[in-house]
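Notes for the one structure printed next.
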Amino acid sequence: MTETQDAPARGDSATLPAIELAGVVKDYQSHGETVRAVKGLDLTIGEGEFFSLLGPSGCGKTTTMRMIAGFEEPTEGEVFLHGQKVTGVPAHRRDVNMVFQSYALFPHMSVFENVAFGLRRKGVERSEITRRVGEMLEIVDLAGREKRRPGQMSGGQQQRVALARALVNRPRALLLDEPLGALDLKLRQQMQVELKRIQREVGVTFVYVTHDQGEALTMSDRIAVMNDGSLEQLGTPRDIYEHPASKFVAGFIGTSNLLSGEVAEVADGRAVLAYGPGERIVVPLREGTAVSGGQHVELTVRPEKIELHTEPPAGDGSMIRGTVSEVVYLGTSTNYQVVTSAGADVVVFTQNVNSAEDIAARGDSVWLSWDPRHSYLIGQIGATP
Amino acid sequence: MRRRLTPYLMILPAGLWLVVFFAVPLIMMASLSLQQGNLVDGFQQTFHWQNYTEGLSTYGDKVVRSLWYGLLGTVACIVIAYPVAYWIAFHAGDRKSTYLFLLLLPFFVSFILRTVSWKFVLADNGIVLGTLKGWGLLPEGFHVLQTSFAVIAGLAYNFLPFMVLPIYVALERIDYRVIEAAKDLYAGRVQAFVRVVLPLSLPGVFAGVIMTFVPISADYVNAAILGGPQNTMIGNVIQTEYFNNSNYPTASALSFTLMAILLVGIFLYARVLGTKDVLEAAGR
């Protein structure tokens with residue numbers, strides 16, 4: 001795990017984090033074997049934060065969320081909600097609410113009764129229930145649909161009922177389990193904006209589980225990237241996109257080029273990798289990273305950071321030669337695949353700003369260049385304690 | 001043209017079957033129920049409506065008893081079947097089909113044989129009562145056979161699967177996440193059951209009620225084997241009138257009376273408990 005940024009500063013140092021996981025481990029019994037779904041997770045989620053748990057299916061993100069909700073108990077470790085230990089407290093006594101993947105609305109109840117369910121169980125006064133449900137339906141833009149049954153509504157509307165049903169209880173945190181997964185692309189994008197607006201309006205901590213990196217990048221204040229039961233990286237969307245801490249994160253978030261080479265020299269906090277004549281990759285060394293000459297290293301560069309030239313470029317940044325193996329015209333941009341000595345199939349995105357024609361064609365010999373700050377060493381190479 | 005006829009051709013066999021073996025006999029029975037006569041001289045159609053009024057006035061108490069037994073038997077079925085169906089649906093894990101099969105296993109044996117075996121189980125000095133009497137837990141004169149209890153117990157047992165299966169299907173169809181959602185929204189086990197599981201399973205119970213109440217009310221085997229003269233149901237009367245007394249008109253009239261009562265009952269039941277409204281009420 002690499003923490004690239006601390007939790008956002010909270011105004012009051014006495015404010016407790018909304019959610020805290022300490023050394024959480026979850027084992028499952030499956031066909032007589034013990035499977036470790038979550039392998040020792042430490043997380044602190046701040047009050048009012050939009051926090052995403054991002055990872056491929058089976059990475060343990062849903063299990064983690066279910067442990068926060070109280071549907072699963074950790075095998076080891078503790079869960080805290082606002083500083084209070086809730087390990088062992090059943091779901092119905094935890095002050096968090098969940099939006100389920102398939103909404104899990106009560107099919108036999110009207111929209112109003114669905115939303116009022118939690119308040120009724122808490123014994124809130126009748127008139128207060130009517131007022132709060134009305135208010136919440138207003139927020140999710142469903143006023144006037146109180147009497148509908150979930151089965152009579154579209155996917156997007158059901159989604160908003162599920163959201164209202166959870167938020168009306170004013171939980172300390174809202175847990176969302178891939179809530180947009182069942183919607184089509186356009187609706188999903190609309191709901192992303194909606195969710196963000198609603199979160200701002202109600203100011204509740206959102207914990208958002210998703211495997212969709214685009215969704216996580218768009219909405220989150222911070223993202224925890226999980227893989228195989230462990231935390232790979234924790235940081236802001238920009239952090240995670242720009243500075244992937246591992247090969248997994250670089251590959252999972254967006255498109256990333258994985259390059260490798262041998263260190264020729266180290267100077268001024270930079271390592272220079274040498275290839276053929278005139279070719280080099282310059283990598284800034286982050287604090288605590290040490291590499292030495294002759295070492296084989298791996299690095300990532302995002303495709304949109306790379307420039308494509310037909311002539312050798314000037315400057316002292318990274319530049320490398322290659323042969324175009326594929327050209328894909330996408331309207332706003334053109335994608336090139338270039339075979340180089342630092343890596344085969346280097347992907348380059350070029351914006352079609354004013355060119356009416358593609359810069360290069362398949363089989364052309366080209367030069368690639370990018371600013372040194374866009375190269376990132378990945379892995380635990382030479383990390384000094 | 002041929003394409004438009006295809007659906008009709010497809011229902012033709014079943015339609016013919018129903019016409020020949022259901023509609024025609026039914027009409028013949030209806031006609032028979034208004035006839036007069038005897039086996040020796042033959043029966044003539046005289047539109048003798050007194051068959052109905054006389055039948056009802058003579059055997060009205062048996063009709064009431066049949067409906068009463070039907071009600072008690074159905075309630076007993078619900079009480080026994082619901083927990084069984086619930087357990088199989090939610091706690092049987094991978095063994096659901098095994099348990100359903102075990103539940104149905106006795107029903108591969110003939111209805112009569114099953115009921116006769118109950119007679120052995122409930123006999124005055126049989127396995128259960130004999131043993132309990134032997135231990136001095138029951139007085140010597142205690143008996144179960146030839147009581148309403150024996151008949152209703154037999155009826156409930158014989159029609160139990162018709163209650164378990166629809167309830168099981170309804171419970172099985174409940175999305176487990178809906179129950180989790182209830183718990184997430186501060187409902188404890190009891191509240192989650194009362195507010196979510198029970199209302200969502202009610203359609204199964206309603207179906208089960210229709211599938212047990214009708215055959216139980218019309219049954220005659222259990223009363224004949226497990227009951228005494230004071231437990232006679234309308235089914236026994238119809239059977240006796242038809243096969244022993246050859247009084248076909250009265251037997252037919254009684255059959256139609258029972259059928260009419262059951263049809264009206266089911267219609268009212270569906271009307272009053274219209275599944276949707278019941279669910280709405282239960283959801284509050």
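Things to note:
- Matching residues in the stretch A:303-315 - criterion: being open to solvent by less than 10 Å² (accessible area, probe 1.4 Å) and assigned to a loop (DSSP other than H, G, I, E, B): A:ILE306
- Number of positions in the stretch A:71-86 that are hydrophobic (A, V, I, L, M, F, W, C), touching a helix residue (DSSP H, G or I) at 6+ places or on another chain (Cβ under 7 Å) and either assigned to a loop (DSSP other than H, G, I, E, B) or within 8 Å of another protein chain (Cβ to nearest Cβ) (or both): 1
- Restricting attention to the stretch A:98-140, the residues that are away from every other protein chain (no Cβ under 13 Å) and in contact (Cβ under 8 Å) with a residue 40 or more places away in the chain total 2.
- Residue, most open to solvent (accessible area, probe 1.4 Å), within the stretch B:32-50, restricted to residues that are in a loop (DSSP other than H, G, I, E, B) and free of Cβ contacts under 8 Å to residues at least 60 places away in the same chain: B:TRP49
- Matching entry among A:SER318, A:SER325 (being more than 9 Å from A:SER369 (Cα to Cα) and either crowded, with 20+ Cβ neighbours inside 10 Å or of a type outside the set (Phe, Trp, Tyr) (or both)): A:SER325
- Pick from the stretch B:100-118, criterion farther than 14 Å from B:ALA153 by Cβ and either of a type in the set (Gly, Ala, Ser) or out of contact with any helix residue (DSSP H, G or I) (no Cβ under 7 Å at 6 or more places or on another chain) (or both), ranking: most open to solvent (accessible area, probe 1.4 Å): B:PHE108
- Top-ranked residue in the stretch B:172-191 [being more than 9 Å from A:ALA104 (Cα to Cα), more than 7 Å from chain A (Cβ to nearest Cβ) and not aliphatic (A, V, I, L, M); ranked as farthest from the chain's Cα centre (by Cα)]: B:ARG189
Let's see how each residue does on (1) within 30 Å of B:ARG65 (Cα to Cα); (2) open to solvent by 80 Å² or more (accessible area, probe 1.4 Å); (3) modelled with pLDDT of 90 or more:
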{"position": "B:PRO83", "(1), (2), (3)": "yes, no, yes"}
{"position": "B:THR98", "(1), (2), (3)": "no, no, yes"}
{"position": "B:GLY134", "(1), (2), (3)": "no, no, no"}
{"position": "B:TYR157", "(1), (2), (3)": "yes, no, yes"}
{"position": "B:LEU160", "(1), (2), (3)": "yes, no, yes"}
{"position": "B:MET163", "(1), (2), (3)": "yes, no, yes"}
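- Residue within the stretch A:43-61 that is within 13 Å of chain B (Cβ to nearest Cβ), closer than 29 Å to B:ARG173 by Cβ and either buried (at least 23 other Cβ atoms within 10 Å of the Cβ) or without any contact (Cβ under 8 Å) to a residue 60 or more places away in the chain (or both) present: no
- Residues within the stretch A:27-41 that are touching a residue at least 60 places away in the same chain (Cβ under 8 Å) and either touching a Pro at 6+ places or on another chain (Cβ under 6 Å) or of a type in the set (D, E, K, R) (or both), tallied: 2
- Scanning the stretch B:193-217 for residues that are open to solvent by less than 20 Å² (accessible area, probe 1.4 Å) and at the interface with another protein chain (Cβ under 8 Å from one of its Cβ atoms) yields B:VAL196, B:PRO199.
- The stretch A:145-154, subset touching a helix residue (DSSP H, G or I) at 6+ places or on another chain (Cβ under 8 Å) and open to solvent by 30 Å² or more (accessible area, probe 1.4 Å), residue farthest from the other protein chains (Cβ to nearest Cβ): A:ARG145
- Summed over the stretch A:316-356, residues that are of a type in the set (A, V, I, L, M, F, W, C) and outside any loop (DSSP other than H, G, I, E, B) total 11.
- Restricting the stretch A:141-161 to residues that are in contact (Cβ under 8 Å) with a residue 24 or more places away in the chain and in a helix (DSSP H, G or I), the residue that is farthest from the chain's Cα centre (by Cα): A:GLY151
- Number of residues in the stretch A:164-192 that are open to solvent by 50 Å² or more (accessible area, probe 1.4 Å) and modelled with pLDDT of 90 or more: the value is 1.
Yes or no, residue by residue, for (1) assigned to a strand (DSSP E or B); (2) without any contact (Cβ under 8 Å) to a residue 40 or more places away in the chain:
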residue	(1), (2)
A:ARG197	no, yes
A:TYR208	yes, no
A:ALA216	no, no
A:MET226	yes, no
A:LEU259	yes, no
A:GLU265	yes, yes
A:ARG286	no, no
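- Exactly one residue out of A:VAL24, A:VAL99, A:VAL89 is surrounded by 14 or more Cβ atoms within 10 Å (Cβ to Cβ), out of contact with any Cys (no Cβ under 9 Å at 6 or more places or on another chain) and not in a strand (DSSP E or B), and it is A:VAL89.
- Single unsatisfied condition, A:ILE240 versus (1) assigned to a helix (DSSP H, G or I); (2) open to solvent by 30 Å² or more (accessible area, probe 1.4 Å); (3) out of contact with any Asp or Glu (no Cβ under 8 Å at 6 or more places or on another chain): (2)
- Counting only residues that are more than 21 Å from the chain's Cα centre (by Cα), farther than 30 Å from A:LEU105 by Cα and among the hydrophobic types (A, V, I, L, M, F, W, C), the stretch B:199-252 holds 1 of them.
- Residue in the stretch B:147-159 that is under 22 Å from B:VAL214 (Cα atoms), within 14 Å of chain A (Cβ to nearest Cβ) and assigned to a helix (DSSP H, G or I) present: no
The values are calculated or read from the model by the stated rules, or taken from the named source; none is laboratory data. All of these numbers come straight from a predicted model, not from anything done at the bench. For neighbour counting, all protein chains shown are included, and Cβ atoms are generated from backbone atoms with ideal geometry for every residue, glycine included. We work out accessible area using only protein heavy atoms, side chains counted, and drop any ligands, DNA or RNA first. Shrake-Rupley method; radii C 1.70, N 1.55, O 1.52, S 1.80 Å.
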